[in-house]
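Read-outs throughout are calculated quantities, based only on the coordinates presented, and are distinct from any laboratory measurement. Everything numeric here is computed off the predicted structure, so don't read it as measured data. Please note: Cβ atoms are built from the backbone with ideal geometry, for glycine as well, and neighbour counts cover all protein chains shown.
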Amino acid sequence: MIEKLAAPGTGGVDALTGSDLLASIRASRDLENAEAARQLDLAAQWADLHPPESIHSAAAFTVPGTDHEEPLAGEGCPLVAEFCVAELGTVPGISSTSAKKLIGHALELRHRLPRLWAQVQAGHVPAWRARSVAEATIHSTPALTREAAGFVDAQVAAVAGRIGPAQLDRLVAETIKRYDLAPEDPADPAADPEDGYLSVDPRHATLHDEDVHFAGTMRWEAELDIADSLDLDKALSRKAAEQKALGSTESLDVRRSKALGDLARTQTALDLASGGVEARSARTSTTEDGLPAAREVVLHAHFDAGTVGETTVFGPTGRLEEGQRLLLLDQVQSWCGDSRTKVTIKPVIDLNTALSTPGYAIPDRIREQVILRDRTCVFPWCTRPARGCDVDHVVEYDHQAEAEGRSQPGPTSTRNLACLCRFHHRLKTHSAWRYRVTGPGAYEWTSPHGHRYCRDRTGTRPIEPDPPARP
């Protein structure tokens with residue numbers, strides 16, 4: 001075994017042994033865990049600085065959309081002023097949703113899982129393990145009382161946080177049964193007084209849309225009833241065999257995957273109920289038997305195109321607006337080759353052309369241009385798709401300007417409009433957060449504590465403060 005390893009670029013002068021490298025990696029991991037524990041503690045302290053009493057308008061009156069108190073963790077944890085999560089998120093470069101989770105986990109651990117909290121702060125349990133437990137106790141259905149959460153805390157702390165997801169699910173289910181938190185439902189076939197785990201229905205079908213493979217696939221995870229599982233398995237096997245008989249040379253796994261997609265587009269439930277009666281036109285909402293027709297799925301695909309002679313040539317890769325994912329041109333061509341796919345090609349919108357209207361209302365053509373330009377909510381590190389966002393006047397529209405003979409300070413123009421999700425729209429309107437346009441699709445944000453961020457089509461980056469002038 002080779003013990004001596006030369007550090008890169010040193011020519012072997014300052015060689016490190018294998019033992020030295022392993023010790024350094026362990027020390028680095030210990031430091032990482034310590035800093036993660038410290039971040040949890042700081043997040044809890046940030047919540048302490050922003051109780052409901054910190055909302056100035058709370059004592060007087062409430063305006064719709066303004067800051068309000070919000071529970072971020074379970075019963076017994078303090079409430080927090082909703083808007084405070086935004087600034088905590090922007091400093092480490094995470095979304096407001098992630099910041100809300102961080103604060104919620106910190107409060108849940110400190111107030112309802114104190115044994116586990118102490119082990120995290122002592123360095124005995126990694127913060128990520130403790131946060132997974134906090135996530136489970138916060139979002140348990142039905143909700144855990146403070147006493148029930150304490151039982152989970154004692155069990156998990158006894159094994160120093162070394163508990164897997166399946167064990168944690170069973171522990172929470174046992175806790176629900178032990179503390180009689182589940183409502184009695186004699187008609188529920190899964191309710192078994194001898195087995196607390198079975199009293200919680202484990203069935204689900206979950207799309208992991210955050211995990212997108214480079215080949216353009218996403219992962220499904222499901223827990224089905226036994227009969228449903230066997231029926232689905234037979235249906236996929238039959239469809240996969242049909243594909244092979246029609247000449248498909250793809251693997252069985254690929255054919256079964258394609259069969260599952262086919263089930264989403266064909267009305268299997270209708271076939272079983274009506275003996276194969278076809279649905280009426282997709283334009284109608286119900287079939288002849290009164291069952292709902294298959295729902296149309298709309299995807300927005302964007303590709304750059306150029307002209308070679310008289311031929312339009314598309315780039316090999318594009319962007320799927322739903323989820324801001326990479327899309328291959330070959331995939332779109334395969335979708336379009338399916339006779340059941342309806343393709344709509346919209347006119348090209350020049351994102352560099354400034355559009356405006358004299359009124360306050362935003363016409364569809366301007367709204368569409370702003371959506372295509374911004375792609376997502378333009379708040380720092382927010383990834384909410386623009387199509388589900390509000391379109392905000394960056395400089396507020398003055399409804400009295402025309403009547404009073406003044407020029408409009410906040411025109412309805414693409415140069416003064418930006419996409420903001422509802423939370424960040426409220427934040428901008430009712431808090432000290434401010435932003436301004438610095439270029440087409442580019443914005444500079446300033447937080448209540450003076451931190452500045454640049455947000456453009458490439459993402460978010462902090463703007464470092466100018467160094468103090470030398471005397």
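List of remarks:
- With neighbours defined as other Cβ atoms within 10 Å of a residue's Cβ, the residues Ser356, Ser413 order from fewest to most as Ser356, Ser413.
- The slack between Arg26 and Asp456, meaning 0.36 nm per residue of separation minus the straight C-alpha distance, is 151.0 nm.
- Sites Ala15 and Ser98, calculated FRET efficiency, Cβ-Cβ separation with R0 45 Å, nearest 0.05: 0.60
- Footprinting exposure proxy for Thr311, Thr206, Thr446, Thr414 (fewest neighbouring C-beta atoms within 10 Å first): Thr311, Thr206, Thr446, Thr414
- The ranking of Ile94, Ile226, Ile138 from fewest to most other beta carbons within 10 Å of each one's beta carbon is Ile226, Ile94, Ile138.
- Sites His204 and Arg387, calculated FRET efficiency, Cβ-Cβ separation with R0 30 Å, nearest 0.05: 0.65
- Residue-span extension gain [Ala154 to Ala245] - 0.36 nm each, minus C-alpha spacing: 27.0 nm
- The simple spin-label model puts a point 7 Å past each Cα toward its Cβ; for Asp228 and Asp330 those points are separated by 3.5 nm.
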